[in-house]
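All remarks here apply to the structure that follows.
The values are calculated or read from the model by the stated rules, or taken from the named source; none is laboratory data. Every value quoted in this text rests on a predicted model; they were computed, and no experiment measured them. No Cβ is skipped: glycine too gets one built from the backbone with ideal geometry, and neighbour counts run over all protein chains shown.
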Amino acid sequence: MIKVVLLGSGNVAYHLALALNSAEHVELIQRYSRNATNSILFDSSIPHTCDLETLLTADVYIIAIKDEAIASISEKISHLKGLVIHTSGTVPMHALDSKLKRGVLYPVQSLSIKQHIEFNEVPLVIEAAKNKDLELLHQLASQLSDHIFNLDSVARKKLHISAVFANNFSNYMFTCAQTLCQKNQIPFEVLRPLILETGKKIQYMDPLEAQTGPARRNDQQVIEKHLGQLSGEHKEIYEIVTAAISKTYQPK
């Protein structure tokens, strides 16, 4: 049984707590947070503390907090003997205090407290400073997900950039689409099946192959008509993305 203490109360901590509690060979023995924020959302049977001095002895301590606070909190728990890991995609492993057994467990998924996630489908990227610690981390990760990837801090930072393009930027495009619909008094619900189909398609097709639309076809007539209906930021975004797509499929 792997004993775990979880530090955090946000989106990642919430979903990790659910996954850890459901894992067969893992025992979530304690949760730490500076205050009672979101505590009502967590399983009340998990012992909770607001004092780092009262952390229980565990095999693994998971720091699931804001990136900028990871280094400072690791200094405050540098006396711990268990493996201490953080969950950030951009913070290097060596940001953790050098006195600690250090590692990383990065869930490559957009996590929100209000949304249900099948955590066993979430890719987990892991890293540890020593092979023995990596073995323990792999055992833990395997209890949580069916998709484990070993990547170092440099590769993980590059992966995070890719994730921003795939998730954050694409979601902003949905926001633009919704704004345009609202402006023209069109129900955004009309586009939801299209958005879902786009996500489904790239599960079995390469995104480069799946691309469609006027920029892919180099249909200048349609592009000009679209630009004539747009203004401001939306027009700028349309021009930049259209140019990038056209360059990809019709290189000079």
Among residues of segment 184-196 being more than 17 Å from H234 (Cβ to Cβ) and part of a helix (DSSP H, G or I), the residue farthest from the chain's Cα centre (by Cα) is V190
Do we have any residue at all in segment 154-167 that's in contact with a helix residue (DSSP H, G or I) (Cβ under 8 Å, 6 or more places away or on another chain) and more than 24 Å from D206 (Cα to Cα)? no
Cβ pairs under 8 Å, 6+ apart, first in segment 230-252 and in the same structural domain as M173 (by TED's automatic domain parsing), second among the hydroxyl-bearing types (S, T, Y): L230/Y238; H234/T179
Would you say T49 is over 22 Å from the mean Cα position of the chain (by Cα), in the same structural domain as L124 (by TED's automatic domain parsing) and without any contact (Cβ under 8 Å) to a residue 24 or more places away in the chain? yes
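Among the strands (runs of 3 or more DSSP E) confined wholly to segment 83-183, which include 3 or more residues that are buried (at least 17 other Cβ atoms within 10 Å of the Cβ) and modelled with pLDDT of 95 or more?
Working: elements: 83-86, 101-107, 124-128, 148-150.
Hits in segment 83-183: 83-86, 101-107, 124-128.
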Tally, over segment 225-252, of residues that are surrounded by 11 or more Cβ atoms within 10 Å (Cβ to Cβ), part of a helix (DSSP H, G or I) and not aliphatic (A, V, I, L, M): 13
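Rundown of residues vs (1) surrounded by 14 or more Cβ atoms within 10 Å (Cβ to Cβ); (2) closer than 22 Å to S88 by Cα; (3) in contact (Cβ under 8 Å) with a residue 40 or more places away in the chain, yes/no style:
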residue	(1), (2), (3)
S33	yes, yes, no
D43	no, no, no
K66	no, yes, yes
A71	yes, yes, no
